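The structure under discussion appears below in the form of structure tokens.
Please treat every number below as a calculation from the coordinates, not as lab data. Computed from a predicted structure; not experimentally measured. When we count neighbours, we look across all protein chains shown, and the Cβ atoms used for this are built from the backbone with ideal geometry, even at glycine.
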Amino acid sequence: DLSTDERRERLETALKDLGVDHIRTNKAFTLSGGERRRVEIARALVTRPHFLMLDEPFAGIDPIAVGDIQSIMRRLKERGIGVLITDHNVQQTLSITDRAYIITDGAILEEGSPADLVNSQRAREVYLGEGFRL
């Protein structure tokens, strides 16, 4: 169990690391989509997880925020924190993943590196489309 001071210190570190310490007193409804995403990740990092699961992290945020979130995910990886992403935004997700799965009708259709998926004829026919590029 953490003391109040330890929790506060972890929170301060996470907020600063993700560039959201300046909005700590803002009401949630005033935050942009990107700010919300960074606050969500900061909140999770306080617990010092080995893995984070992010559901649709690129939904509802602008292209600049997408780049920010991708950078955060790369930094988490460098720190040894695994990140599991579920997202329909294949382009933005595959550009930062080491391994990916395409799930259709509750079953794994294809799995492998981003390049494996992009080069899979089956993945192109069922999900990605013939014109998909990374």
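Consider just the alpha-carbon atoms of the chain and return their Rg together with their Dmax, both in angstrom.
Every Cα atom of the chain included, Rg and Dmax give 17.0, 54 Å.
Please list 26-33, 62-69, 78-85 highest first by mean number of surrounding beta-carbon atoms within 10 Å per residue.
Answer by packing, highest mean first, reads 62-69, 78-85, 26-33.
On a C-alpha basis, how far is the centre of segment 100-131 from the centre of segment 1-55 in Å? Whole number, if you could?
33
To the nearest 500 deg cm²/dmol, what mean residue ellipticity at 222 nm is calculated for the chain from DSSP H runs of n ≥ 4 alone, each contributing -39,500 (n - 2.57), summed and divided by the residues?
-12000 deg cm²/dmol
Through the Karplus equation 6.51 cos²θ - 1.76 cosθ + 1.60, θ set to phi - 60°, convert the phi angles of segment 100-113 into ³J(HN,Hα) values in whole Hz; use x for Gly and Pro.
9, 10, 10, 10, 10, 6, x, 10, 6, 7, 8, 8, x, 5
How compact and how long is segment 92-134, expressed as Rg and Dmax of its alpha-carbon atoms in Å?
In order Rg, Dmax, the Cα atoms of segment 92-134 give 9.6, 25 Å.
Multiply the residue gap between Phe29 and Arg124 by 0.36 nm, knock off their C-alpha separation, and tell me the result in nm, one decimal place. List each step's numbers first, then the result.
Details: separation 95, 0.36 × 95 = 34.20 nm, distance 3.87 nm.
Here the answer is 30.3 nm.
Whole-Hz ³J(HN,Hα) for each residue in segment 75-92, computed from phi via Karplus 6.51 cos²θ - 1.76 cosθ + 1.60 with θ = phi - 60°, x for glycine and proline: what do you get?
Here the 3J(HN,Hα) series is 5, 4, 4, 4, 7, x, 9, x, 10, 9, 10, 10, 7, 8, 7, 4, 4, 6 Hz.
Could you run the Karplus curve 6.51 cos²θ - 1.76 cosθ + 1.60 with θ = phi - 60° over segment 58-68 and give me ³J(HN,Hα) per residue in whole Hz, x for Gly and Pro?
Per residue, the Karplus-derived 3J(HN,Hα) values read 9, 6, x, 10, 6, x, 5, 5, 4, x, 4 Hz.
5 Å is the cut-off here: which amide hydrogens, built 1.01 Å from N in the peptide plane, fall below it relative to Leu109, excluding neighbours closer than 5 in sequence?
Ile102, Ile103, Thr104
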